[in-house]
Amino acid sequence: MKRDAALSFIRHRGTIVRTFNGQFYVLINGSWYRNISSQERIALSELYPSIRSIYAVEGHMIAKRKNPTQPIQRYEKYF
């Protein structure tokens with residue numbers, strides 16, 4: 001997915017994101033996420049480069065990428 005399409009997809013479907021350094025962020029509202037361990041707030045646009053996996057509210061993975069240079073890909077098992 002292109003960056004703009006991926007950001008839109010994450011805003012509408014992603015409630016939890018995991019970064020390449022193993023941190024988890026939970027959706028606060030719209031474009032803001034909160035780190036589960038440190039309670040730090042961060043905008044989705046700032047978080048995007050480090051996102052590895054995106055999870056839906058049900059807990060299953062809906063998108064992922066293997067390294068930061070690749071675009072985020074929908075995880076087809078749930079579509």
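Here, each number is a calculation from the coordinates, and none is a lab measurement. Source: prediction; values computed, not measured. No Cβ is skipped: glycine too gets one built from the backbone with ideal geometry, and neighbour counts run over all protein chains shown.
Computed from Cα atoms, the angle from the helix 3-13 axis to the main principal axis of the chain rounds to 70 degrees.
About the Cα centre of region 3-78, what is the dipole size in debye to 20, counting +1 per Lys and Arg Cβ and -1 per Asp and Glu Cβ, all else neutral? It comes to approximately 180 debye. Rounded to whole Å, the principal axis extents of the Cα atoms in the chain read 31, 27, 21, largest first.
For the chain, the residue among Tyr75, Ile36, Tyr25 whose Cα projects farthest onto the positive side of the dipole built from Cβ charges is Tyr75. Subtracting the Cα-Cα distance of Arg3 and Trp32 from 0.36 nm times their residue separation leaves 8.8 nm of extension gain. Other residues lying with their Cβ under 9 Å from the Cβ of Pro71 contribute a combined charge of +3, Lys and Arg counting +1, Asp and Glu -1.
Helices in the chain, meaning DSSP H runs of at least 4 residues, each add -39500 (n - 2.57). Divided by all residues, the mean residue ellipticity at 222 nm is -5000 deg cm²/dmol.
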